[in-house]
Structures are given as structure tokens and as C-alpha cells.
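The values are calculated or read from the model by the stated rules, or taken from the named source; none is laboratory data. Here the structure is a predicted model, which means the values were calculated and not measured. For neighbour counting, all protein chains shown are included, and Cβ atoms are generated from backbone atoms with ideal geometry for every residue, glycine included.
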């Protein structure tokens, strides 16, 4: 059979962040994790509506101070990620390196705040289903911050070594996308874990 | 560059330059051989084949377990198996058939066929694909091994609490269930993301969404359903894992938890799961009907919308597994209506198939034969489905053998018959050889008769009150005759599957050589050699219709993509809706890291059976291997 070349692949670039399959792949990972968070929060409400008191008698809702600090720190670290990406687009390697390192630093502060908060919870995970939910959802988000920090730390090492160029910065783009998700998903968690018990009781 | 002078297909060229170029492309896409090479391939054909073979091994093993159950039920008060052995065998049979056979088999067919059908050279994330396979292999083997160690789960495939709580299910059985199921679902999720992105972005130029083959649409719907259904069972089993391991109180009533939460979460996954298996099967059926009637499908748009509709509605049905749990009347009525609604898109499909076959000259080869069996069995299962969707009827037959009969008709009818059809249909593509038609006919006949002999009497047993999951019954109940029929049928059924196994093994070695396109099908997997070339398509095709191969045969000309490099793995990325060329993706070659990562993840998950600290160990180990996996390889500057 004869063939006729009607599409020439060599006309097309080998890097384009908005067409790259990996960008879509991270979007898929984000969809899965969003579904996990939605399931956890739905379970929270399901158990809350079944219980006579939520939180149970004699247990205070978690303190607002530390979570609110985390709520401010995560968007701040997202902004530095965005700023780093701008630098990378323009070929300013230093701005990229400083930006991602700053994000890792700010998120590590958030992790410290998160850790302190664990010690101040008024209930253990094995006391009551309320405690189980609280610890699990907090722990789940904690794991996400840890994995985002670890991943971005690797990106920052590569950035300081000058690996990324405007044509080769897919790692930065997808890492940023995941980072935004970790920051954004805290908002519904924050509202449900820290405000819903106050509104319900 | 539009070349006006026709050139010969690279595979048909006999001049030195043509042959050398083909050899160069094939070397670039080759998988390593040898023992160490086994841990390294990333090509979707290699991974897909492994998924299919492994899932059929689990199918055979689980089938043997079913025979053991049928032997135990042959006579009243039989003591072939102890109650605990029976429970373990029953649990492993159900769990393995669903999680280790049905889903991975569909994934395997999808991973093997879908990229070929869309004219891609590989999938979007070849290494992730390999990772998913090793996870499935290790998780599935560990799960099955528990049976031989006598510590298998024994709480049924849906593992209801409180039966599966620490109090009523001591030992490691349920822990093995929760950890290994979560682990295997990770593999399913990687496959889902992989398939979605591949179908969205790696289609041949010109294959706009409205030219996507029906099977690929089915795979797309299946993958989206996995994406949103699997997290639910992962959360549920993680909660149960924690309840048993660190004394959380999610499902413990005294601690403010709720056993019903398990049922909601499980069935929010479990019901879509049935359709996750069914939808790709519908795609297989449609593909085969098109090929064996040699005409384009009737009602393409209606078929696609019906599949998308089934996918969506299936998320609103889960409560019909819970009619007897004391739900409010309003809730039951809503889910009864929703459950009946699924009959509408299913009906649309059946009418489209009938219209496609109407007046066509149908070729009755073995794949088509299995499709006809599928019609009979699946429609019977659908009818009992409409019956149990109704609340008053369901409350009568709930937890009886009627339900066992119903779901075997739906699952075996809806998934196994189409899979067998698909096996006979794509076997020549995968191995380059045809399967024996004569053995195929006998196999189809025995499977059809054996299946009905096994499961039809169970309807009556259920109506006579025989509860499911019992390990024996007393002679006074009068259930003996029908049970004996069922047991006899199960051996006929097994013989039928045995024939196909013999057929497959024999045909690999001495089947008739198939050629590129033995069925004269029209989808792109038949536009490459059998078995497919390493690169799938040395010159990827360009599409402008639903029936590309038939059109090329008319024109005696094939439009192709040029300008891809021969010395690295390049594939064309196209836009989401219209499949216009957008960029070139460079895919990774063979690598052992996915295997190493899968082993690290296995250590974490298997450790979780025994200690919560393996959560931390697992995360760090997986992270370390991921860094090594993704670390840019020198010299990266030449790209």
C-alpha cells in the first residue's frame, strides 16, 4: 500500500507545558486525591450527623490559631512557587532557585505549625470516631505537605544546579500544579475541621 | 511538508534504505531480553500482555476455588471443607474474581488494544504502566498466598463490619484484605490515569473525539469511573485498617462510629465497579459486531452517549445493595428509580447492536459466538436485575441464592463472555497466530451450557430460601437436587474454559499464521504486523473517518505522519478535541526503576499488616526510589 506523508512531526516542539501528557497526568493525580478528600469529608459529616454530640461531650473543637497560620502560610508558599515559575519562563535561573527554596522553607514552617497542632488536640484517635476523623484528615493533609516539600526539595536541588531551562522546565510546571492543589485543598479541610464543630454545637 | 508523490509503506519496501530505517526504528523501541530484561520493558504491548496473562492465571485459580465450593455443596452436611475453610475460599474466590481478575483483565485488554486503536506508538507514561503491573503482580500474589498459609480473609468479598472488626475477625486475614486491596487499587488508578491521558493526548492526527473507536470510548468511560470510584474503597479499607491496627473508632458503634458507613463507602465503589467491568465489555462486543458484520456501527452517537450515561448513572445506585439496612422510605424509592433507569441506556445499546446486525451477512466465528452467548446471558441477568432493583422484591430475596444467580449472570455474562470473545478476537494480533475454530466452538458451547446449568438453578434455590454464603445445608430443606445440578454444571463450565486454555497454548505454537488483519477489521490495531511491531507504527497513521482501514483499502493509499526521529522514542501529541498535531513527546526506554519502586511500595503495604510504622517506611522508601526513577539522566543536554 502506498503512503503519503500529510503531517510533519518535525515542525512541532518537544516541549509545551499545556500539551504535555505529564501535565494532564498530574491533573489526574489531583482528581484522585480530591476524590479522597471529598470521601473523607463526606464520612466526617455522615458520622457527625449520626452522633448525638459532635464533638462528643467534654471535648473542645480544635484551637483556631495554628490552623489559621497554616491557612496563611500555604498560599504564601504558592505565591513564591508562581514567582519562581515566572523566573523560569524568562530564563532567570536564580529567581527560580530562590523561589522554590523559599516555598520549601515556608511550607516547612507550615509543617511545624501542623505538628504543634497535633499535640494540642483535645482528643486521641482511639477515644471516639470524632477523634479518628480529626486525626486521619489532619494526618492525610500532613502527609501531602510532606510529600510536596520532599518533591519540591528535589526540584530546588536541580534548580540550584542549573538543570532547568525555559525549554526544559516541565518538572517545575507539574510540581507547581501539585503544590497549588495541596494549598487549595486545605481550605475545605480548614472549614470542616475547625468551623463546622463550632457551628454545629 | 506535504509529499505529493506516493511512496511505498516502510514495511513493504525492499530497498536497503527502507529496510535499514525500519530496523533502526525497531531497535529504538525494542524491549530487553533475558532474565534481567524481564524487569525492564515499558512498551504497552509487553505490559498489557502481562496484565492479561496474569489476570487469567488468577481467573483459573479462583475458578478452582469455585469448584471446591461446589463440591462442598454437592450433598447436605458435607464435610469436605470446614466452615472456616469454606469462608476463606469463598472470600478469596469473590475478591480475586473482582479485584485480581475482572478489573486487571479489562485494564490489560485496554492497555494492549487502546493505544494501538488510536494509532499511538506507546502510552503516555510507560514507566508508570510497568510500575502498575508489578504492584498488581506482587499484591495479587501476596493476597492469594494467604490462602495457602491458611490465614486468608474470611468475611466475604465485601468484608462487612462488624464481622471484619478485630473483635469478630482476629488474625491477619482481614488485614491482608484491606492492605492488598488498597495496594491493587493503586495499580488500577495508575492504569486509569494512564489510559485517560493516552486517549486524550496521543491520538493519531485527525482522530477527533467523534471518530474515536467505540472500544476506546468504553475504555475512557471505564477509566473515569475508576478515577472516582476507587478512592472510596481506598478510604474505606484505610479506615478499617486503622480500626484494626491502631484502634480508631470509624466503624465501632460504641466509639461513635457507624458500621453502615462501611457499607456506604464500599458500595459507592462496589456498584460502579460492576459497570467498570461491564463498560469495556460493551466496547469489545460492539467492536466484534462491527467486524463480523463488516459494516459501520449503527447509532455511533447513541452508543457513546449510552455508555457515558451508564457511567454516570452507576454512581447513583449504590444504595440498592442496602435496601435491608433500615433506610428511610424516601431514600429507598429514589434509588429504586435510579436503579431502574440504568435499563434505558442498556436498552439503547442492545437496539443499536440489533440494528447493526439487521440484514447483515454475519460471519459466525468463535468471537461472534461468544457475543451471542453474551446477549442471552447478560439479558437474562439484566431482567433479574430489574427484579432485584425493586425494593419489595429485593427484601424477599436479599442474601439468598437468587442474588448469587443474578450477579453471576450479570458479571459472567457481562464481562467473561465478552472477554472470551475478545481473547479469540485479538489473540491473532497478540501472537500472530489464529486459535482453532473447532476447539473454540466446543469451548463456547460447553461454557454456555455449563454456565446456565450451574447458575440457573440458583434462582430457584434462592426463591426456596437457600441463603448465600452457607457452607452446608440440612437434607430436610430439599435443596439437594438443584445443588447437584449446579455442581455438575460447574464442571461442564470448567471443561469449557479448559478447552480454551488448551486451545490458546496449542495455538501459540502451532496455530495457523494470522497475517496483519485476519478478520478484515477496520480499527487501527490491525494496521500493524501481528504481533505488533516494537514501535507499533513505524509511520503512524493519519485518520479522516470512522473506518480507516476499509477506506485505505479503497484508495490504496494511506496518509501517515513523517518527521519523527528514528533514534529515540518519539510519538506525536495531539489536541484534546480535534486531534490536531501539537507537540512531540519523547518517551522513556526500558528501565528497572518501576520494579524497584513497586518492591519498595510492597514492603510498605505488606508491613502495614503488622505495624503502623510501615506507613512512614513505605512513604520514604517509595520517595527515594521515585527520585532515582525521575532523576534526569546525563547527558540530557543533547536533547
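Key figures
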{"item": "Hits in region A:66-81 - residues which are in contact with a helix residue (DSSP H, G or I) (Cβ under 7 Å, 6 or more places away or on another chain) and surrounded by fewer than 18 Cβ atoms within 10 Å (Cβ to Cβ)", "result": "A:69, A:75, A:76"}
{"item": "Filter pass, residue A:33 being out of contact with any strand residue (DSSP E or B) (no Cβ under 7 Å at 6 or more places or on another chain), closer than 30 Å to residue B:256 by Cα and not in a helix (DSSP H, G or I)", "result": "no"}
{"item": "Region A:128-146 residues that are touching a residue at least 60 places away in the same chain (Cβ under 8 Å) and at the interface with chain B (Cβ under 9 Å from one of its Cβ atoms), paired with ones that are part of a helix (DSSP H, G or I) and buried (at least 18 other Cβ atoms within 10 Å of the Cβ) (beta carbon under 6 Å, 6 or more apart)", "result": "A:128/B:255; A:129/A:47; A:129/B:255; A:133/A:44"}
{"item": "Failed item, numbered, when residue B:11 is tested on (1) at pLDDT 90 or above; (2) surrounded by 15 or more Cβ atoms within 10 Å (Cβ to Cβ)", "result": "(1)"}
{"item": "Options B:205, B:170, B:115: the member that is crowded, with 24+ Cβ neighbours inside 10 Å and either away from chain A (no Cβ under 14 Å) or within 23 Å of the chain's Cα centre (by Cα) (or both)", "result": "B:115"}
{"item": "Lone qualifier among A:39, A:6 - being buried (at least 17 other Cβ atoms within 10 Å of the Cβ), at the interface with chain B (Cβ under 7 Å from one of its Cβ atoms) and touching a strand residue (DSSP E or B) at 6+ places or on another chain (Cβ under 6 Å)", "result": "A:6"}
{"item": "Qualifying position, being in a helix (DSSP H, G or I), surrounded by fewer than 19 Cβ atoms within 10 Å (Cβ to Cβ) and either at pLDDT 95 or above or out of contact with any helix residue (DSSP H, G or I) (no Cβ under 9 Å at 6 or more places or on another chain) (or both), among B:445, B:493, B:499", "result": "B:445"}
{"item": "Of residues in region B:57-91 being out of contact with any helix residue (DSSP H, G or I) (no Cβ under 7 Å at 6 or more places or on another chain) and closer than 25 Å to residue B:499 by Cα, the one surrounded by the most Cβ atoms within 10 Å (Cβ to Cβ)", "result": "B:57"}
{"item": "Residue check for residue A:192: touching a helix residue (DSSP H, G or I) at 6+ places or on another chain (Cβ under 9 Å), assigned to a helix (DSSP H, G or I), closer than 20 Å to residue B:231 by Cα and in contact (Cβ under 8 Å) with a residue 40 or more places away in the chain", "result": "yes"}
{"item": "Candidate set from region A:24-36 (those that are touching a helix residue (DSSP H, G or I) at 6+ places or on another chain (Cβ under 6 Å) and more than 7 Å from chain B (Cβ to nearest Cβ)); member that is surrounded by the most Cβ atoms within 10 Å (Cβ to Cβ)", "result": "A:26"}
{"item": "Residues of region B:450-477 satisfying the condition of being touching a helix residue (DSSP H, G or I) at 6+ places or on another chain (Cβ under 9 Å) and part of a loop (DSSP other than H, G, I, E, B)", "result": "B:464, B:465, B:466, B:468, B:469, B:470, B:471, B:472, B:473"}
{"item": "Selected residue (only one of B:483, B:520 is out of contact with any helix residue (DSSP H, G or I) (no Cβ under 6 Å at 6 or more places or on another chain) and outside any helix (DSSP H, G or I))", "result": "B:520"}
{"item": "Residue identified as within 9 Å of chain A (Cβ to nearest Cβ) and out of contact with any helix residue (DSSP H, G or I) (no Cβ under 8 Å at 6 or more places or on another chain) among B:616, B:542, B:561", "result": "B:542"}
{"item": "Helices (runs of 4 or more DSSP H) (entirely within region A:84-187) containing at least 3 residues that are over 15 Å from the mean Cα position of the chain (by Cα) and surrounded by 19 or more Cβ atoms within 10 Å (Cβ to Cβ)", "result": "A:93-120, A:129-160"}
{"item": "Single residue of B:598, B:624 found to be buried (at least 17 other Cβ atoms within 10 Å of the Cβ), more than 7 Å from chain A (Cβ to nearest Cβ), in contact with a helix residue (DSSP H, G or I) (Cβ under 8 Å, 6 or more places away or on another chain) and closer than 21 Å to residue B:40 by Cβ", "result": "B:598"}
{"item": "Selection within region A:50-67 - more than 10 Å from chain B (Cβ to nearest Cβ) and without any contact (Cβ under 8 Å) to a residue 24 or more places away in the chain", "result": "A:57, A:58, A:65"}
{"item": "Failed item in (1) more than 26 Å from residue B:122 (Cβ to Cβ); (2) at the interface with another protein chain (Cβ under 10 Å from one of its Cβ atoms), with residue B:189 passing the rest", "result": "(1)"}
{"item": "Yes/no for residue B:529 being closer than 15 Å to residue B:428 by Cα, within 14 Å of chain A (Cβ to nearest Cβ) and at pLDDT below 95", "result": "yes"}
{"item": "Helices (runs of 4 or more DSSP H) lying entirely in region B:1-93 (those with 1 or more residues that are within 30 Å of the chain's Cα centre (by Cα) and within 30 Å of residue B:188 (Cβ to Cβ))", "result": "B:34-37, B:44-72"}
{"item": "Condition check for residue B:438: over 19 Å from the mean Cα position of the chain (by Cα) and touching a residue at least 24 places away in the same chain (Cβ under 8 Å)", "result": "no"}
{"item": "Test: residue B:419 is surrounded by 23 or more Cβ atoms within 10 Å (Cβ to Cβ) and either part of a helix (DSSP H, G or I) or in contact with a strand residue (DSSP E or B) (Cβ under 9 Å, 6 or more places away or on another chain) (or both)", "result": "yes"}
{"item": "Only listed residue being assigned to a helix (DSSP H, G or I), in contact with a helix residue (DSSP H, G or I) (Cβ under 9 Å, 6 or more places away or on another chain) and surrounded by fewer than 20 Cβ atoms within 10 Å (Cβ to Cβ), chosen from B:102, B:96, B:110, B:142", "result": "B:142"}
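Here's the yes/no breakdown for (1) at pLDDT below 95; (2) at the interface with chain A (Cβ under 7 Å from one of its Cβ atoms); (3) in a helix (DSSP H, G or I):
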| residue | (1), (2), (3) |
| --- | --- |
| B:200 | no, yes, yes |
| B:210 | yes, no, yes |
| B:221 | no, no, yes |
| B:228 | yes, yes, yes |
| B:235 | no, yes, yes |
| B:240 | no, no, yes |
